[in-house]
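Since every read-out is calculated from the coordinates, none of them should be taken as a lab result. Since this is a predicted model, take the numbers as computed values, not measurements. Cβ atoms come from the backbone with ideal geometry, glycine included; neighbour counts cover every protein chain shown.
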């Protein structure tokens, strides 16, 4: 039964996601109206260039280069331009006019989220962003609503498809980092400038959004400890698999006690990590994403699916558009973001994790004892230590041996100090690899 | 900021889930209030026996045997008694009084869902049921809200932990059905009367709920085709693994064209099925649940976690309680169930699937041609056919051979007719196993 006036939807941006959203608003019009109880009228699509090629055809009369005029009178504004400006200004204008806003703009949310949520709250408008993390995967709504009565303790997410593709390719095809990146670029999984992905910036923005939501605490992107995958070598990936692990770039958000103050805080970090092969996250291949959530009552949960792609991300955007539209039809404001817990955001040094450290050492008596002594001095307990591979004869490094040390869980600060001490030890030729492993 | 009056919550039932919900309402009181913007006041817990042992201690003064009086004046009624009556009557009374209702009662929803949703809609109250399917796993909200702008095409769910435990145990430990059921009972995964689980009744109720929600069509539990796992043998499980599959009890809900009328319809079915080992559903072990959803735009998604357990299910119940409470604080009705699509519900004969058929046949020339001819007559195309194992010498059945036939996808009605024809063929001694395989 459709007895409500049509709701006016403006789309800003017609890239791979925007073009799909516009297309589906037009082609699924009747079905969406039936689900909502009101029609969705696409009043226009703001673009920079009217003549640019698009993934799907948008009727010429719907295109405009004047985004500011377009959003006037819109009930729902869908921002899919990306970048900080003019997206931020346009969203603030839309919210100020009372429109609900749907965005997939993780960079903007991770940078100016509080300003945007505050602007929405002031006028009772809503800001939806299911598509900002995990592409098509429902994760924002489950964290905000389904787990609202539980206590999230930790999130481990594969939230960047490009880096997962590259690491998976190294693992499955034996390609080097450079080769795997070239493959990702050729197949369209990596952009011409891959820095945002391989440098971990994209994942850090998503970690900031997830941590803020899960722990009811404002976690800005710059507070997320960030390491990319550029230093990961094929040797590390091969050695990891031999040891029963796969290397994944993880976004880890956790509630933990500050080892210095003893008080609870939030830590968000993005770095390559060793995931045991039997863990569900190890089975996330290609450019897929998965978010593993540990909650006090629910226990472990995992959400899996396509983390990117125009039509996939459009699914999440349209889900938010329908939510916004239903709110118009049934009345009443929705849910405001909650930062009531307001916990301190901790530095990486507060993390408790394990290290797998590979060393080249002099192949002589007493070295093992010296190395073990260094770990002991720093309060780091050794779980495994093995002489993995001797340097090949004729390599010019006869007389060297390779040690691979797996530690028990320890505070990051102690682990980092241990690695520094090992690096400067006279018996250690080189620290060749340091990878964190989470308790999984 | 808490400036709203406390919301009065009544819990009906103090079994494993109810006791945990009551406990968390009491112990997480401040945290829940901060998230909601209003306190939650547990006004009482209705039980049959005041002195029965409970999983968690509930203050004596909160217990009552008078559920009808308890729900008078409650803002939110949490029904965790299970069974059809008095749960149905009490929920109708609660809704009539304007209270929102949270329930985990899949049997009731699958049987009287339309009556309950209608009663809620009449007074603008809400009926929440995230815990009815998949225990702690958020699946109702993702289907109802996150995928509201997409078109779900198929759901394949492992939605019964008991049967997954049993089948997994047969696969991993080589136990027979009887042994695995005994293990499940000993470990508390199976009830004294396991019929609801092993007979597929529990899964069929969940399939009805999922299909109704995903396809906007009323699908009653009795319209779900249901086969349990009681006839599955260890031989079948072992043979499946050899062939690259694992046997799972799947709840399959799909949109498909009726092969008779050519018109779209909904089919919901529960039966053992062969899942390829590389598929994410094959990696769901023990009593865990997972729901694999295929949507037109989003592509494949999977939701994984604990499908049962008191505290796990309490997480989903409390998420619903918080949603209901937020609705009070922020005002306005929520979302009504939508059955706008109102598609026909199709019989199992409309399914398109594959069969793996094992036969004992006379070991003589021409048998293969006869068997192949029977399949061809019924329009069923053979993908693989192999003489798997000859009957052992001395078994009294020398002169027999075993054939395992894998078919291409075909309409269920044709496959069933093929099996019937094979059974009555003079060259076939026995049809020893028939298992469906889905296109995964």
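For peptide B:129-142, compute the average count of partner chain beta-carbon atoms within 10 Å of each residue's beta-carbon. Walk me through the numbers on the way to the answer.
Details: counts 0, 3, 0, 0, 0, 1, 2, 9, 6, 12, 3, 1, 6, 10.
Rounded to a whole number, the mean comes out at 4.
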Mean projected area (nm²) of the alpha-carbon convex hull when chain A is viewed from all directions | 23.1
Chain B: relative contact order from alpha carbon pairs under 8 Å, six or more residues apart, as a whole percent, is 15
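Does region B:140-307 classify as rounded, prolate or oblate by the C-alpha gyration tensor (a ≥ b ≥ c root eigenvalues; a/c under 1.5 gives rounded; else a/b over b/c gives prolate, otherwise oblate)?
On the way: a/c = 1.79, a/b = 1.70, b/c = 1.05.
It is prolate, given that a/c is not under 1.5 and a/b is the larger ratio.
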Copies of residue B:372 compared via label points 7 Å along Cα→Cβ give distances in nm, shortest first, of 6.8
Before rounding to the nearest 500, sum -39500 (n - 2.57) across all DSSP H runs of length at least 4 in chain A and divide by the residue total; then give [θ] at 222 nm in deg cm²/dmol.
-> -10500 deg cm²/dmol
Based on the alpha-carbon gyration tensor of region B:232-343 and its eigenvalue square roots a ≥ b ≥ c, which shape applies: rounded if a/c is under 1.5, prolate if not and a/b is larger than b/c, or oblate?
-> oblate
Shortest first, in nm, what separates the label point of residue A:258 from those of the same position in the other copies (7 Å along Cα→Cβ)?
-> 6.7
Across bins of 5 angstrom width beginning at 0, how are the C-alpha pair distances of region A:351-437 distributed, in whole percent?
-> 3, 16, 29, 26, 15, 8, 3, 1, 0
How high is the FRET efficiency from residue A:60 to residue A:192, r the C-beta distance, R0 45 Å, rounded to 0.05?
-> 0.95
Centroid-to-centroid separation of region A:27-85 and region B:134-186 [C-alpha atoms, Å] | 40
Give me the percent of Cα-Cα pairs in the protein assembly as shown that sit more than 45 Å apart, rounded to a whole number.
-> 33
What shape does region A:24-65 take by its C-alpha gyration tensor, where a ≥ b ≥ c are the square roots of the eigenvalues and a/c under 1.5 counts as rounded, a/b above b/c as prolate, and the rest as oblate?
-> prolate
Over region B:140-307, calculate the relative contact order: mean separation of alpha carbon pairs under 8 Å at least 6 apart, over the residue count, as a percent.
-> 32
Label geometry 7 Å along the beta-carbon vector: residue B:399 inter-copy distances in nm = 8.2
Chain B, Gaussian network, Cα under 10 Å: of B:29, B:169, B:269, the residue fluctuating most is B:29
Comparing A:319, A:366, A:244, which has the greatest mean-square fluctuation in the GNM of chain A with Cα pairs linked when under 10 Å apart?
-> A:366
Report the antiparallel proportion of the DSSP beta bridges in chain B as a percent, rounded to a multiple of 5.
-> 70
Which of B:277, B:187, B:42 moves the most in a Gaussian network model of chain B with Cα springs under 10 Å?
-> B:187
